[in-house]
Each structure stands twice: as C-alpha cells, then as structure tokens.
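The values are calculated or read from the model by the stated rules, or taken from the named source; none is laboratory data. These figures come from a predicted structure and were not determined experimentally. As a convention, Cβ positions derive from the backbone with ideal geometry for all residues, glycine included, and neighbour counts pool all protein chains shown.
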Amino acid sequence: MTRTISKILILPLVLLTTACSRDDDRTVDTVGMTDTTMMGTGTTQDRAMTPQTMGSTIAMQAVGGSGITGESTLTESGQRTQIMVRLMGSRPDATHQGHIHQGTCANLGSIVVPLDPINVDAQMMGTSTTTVDVPIHTVANGQHLIAYHVAGGSPGAPVACGEVPAHTM
C-alpha cells in the first residue's frame, strides 16, 4: 500500500518537472505577425515582420588624402532604407553633404538620393541618420555607394566613400 501511495505522489512530481523543463531549441514563428511602426509624419504603418531584417555595415574610406574615414549602416525599414553614417577625422565645425550615388568610389555616378549632412564636432567626429524612400534591395545591389563631400562644397569632391555590396539572401 505504501509503495502505491509513493508511486502516486512521485508521478505528478515527474510530470511537473518534465512540463516545466526548458527547451533551448525553441524557435519563434514570425509568419503572419505584424509590427506597427511610427512613421515621421505621426502615422502608423503595419508591415510583416521577417525573421531576419536585411541590413549591412560598410567601411567609409578616405578619398583624395582627406584622412576622413568612418562607417555606414544600412537597415531595412519596410519599403524604405535607414542609413546611419559616422565620419571621423574631419576638421571641427565642418559640415559635409552626403549622397547615395550610382557607380563605384573610383567612378562616382549620378546622385540617387541626398542624405542628411554631417556636422563635425570638436572631437572631429560626426553622425547623421537618414531614412530614404528607396527599398534596401535597390540600394544594396552592388551598383551604389555612399559618398560625403568636401565641407562647404556643393557638393564638391568626395572626402569619404563606401561601396554598398550586393546583398544576397
């Protein structure tokens, strides 16, 4: 009789322990989920969430002996692309105009879209973040670059450039 009672008491404990055990191989299925994002105009936009957001970080190389380097990060934002650019090595208080261009750093093509200017601080660094109405797959096709130009130029010669590689999924 005591063995039967012991078995009856142990069985719920085993079931409880098994049910509460952690499964580290869990995955979350995001198909069909939506994310509501606030847009700059105060409206909301529903977009399907993807398990992996497309994006990339590229090095900005000095051009023409400028000594100005940095990095650009491109992030998918629905049918738009957010571009964060950080420059280092410019003179303090300089303002650099930037653009997405067609072509390569060796052969700048036409301007596709302007980017917000970068204002350089006393530590010779500056950052800007621009969201453009161009899908990331259009920019990240291996035929575009990000260039920032001589301070005060219109747009002037490039001082930093980074080629956006083709993104493969």
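Worth a mention:
- When we screen 72, 110, 128 for residues that are farther than 21 Å from residue 55 by Cβ, out of contact with any helix residue (DSSP H, G or I) (no Cβ under 9 Å at 6 or more places or on another chain) and of a type in the set (Gly, Ala, Ser), the only hit is 110.
- Tally of residues being of a type in the set (A, V, I, L, M), in a loop (DSSP other than H, G, I, E, B) and without any contact (Cβ under 8 Å) to a residue 40 or more places away in the chain across segment 84-122: 3
- Filtering segment 153-164 to residues that are under 23 Å from residue 141 (Cβ atoms) and either touching a helix residue (DSSP H, G or I) at 6+ places or on another chain (Cβ under 9 Å) or modelled with pLDDT of 95 or more (or both) leaves 158, 160, 161, 162, 163, 164.
- Residue within segment 135-152 that is modelled with pLDDT of 95 or more, touching a Ser or Thr at 6+ places or on another chain (Cβ under 8 Å), farther than 19 Å from residue 105 by Cα and in a strand (DSSP E or B) present: no
- Single condition residue 128 does not satisfy, out of (1) exposed (fewer than 14 other Cβ atoms within 10 Å of the Cβ); (2) within 22 Å of residue 88 (Cβ to Cβ): (1)
- For segment 62-77, the criterion of being hydroxyl-bearing (Ser, Thr, Tyr), within 19 Å of residue 164 (Cα to Cα), assigned to a strand (DSSP E or B) and touching an Asp or Glu at 6+ places or on another chain (Cβ under 9 Å) is satisfied by no residue at all.
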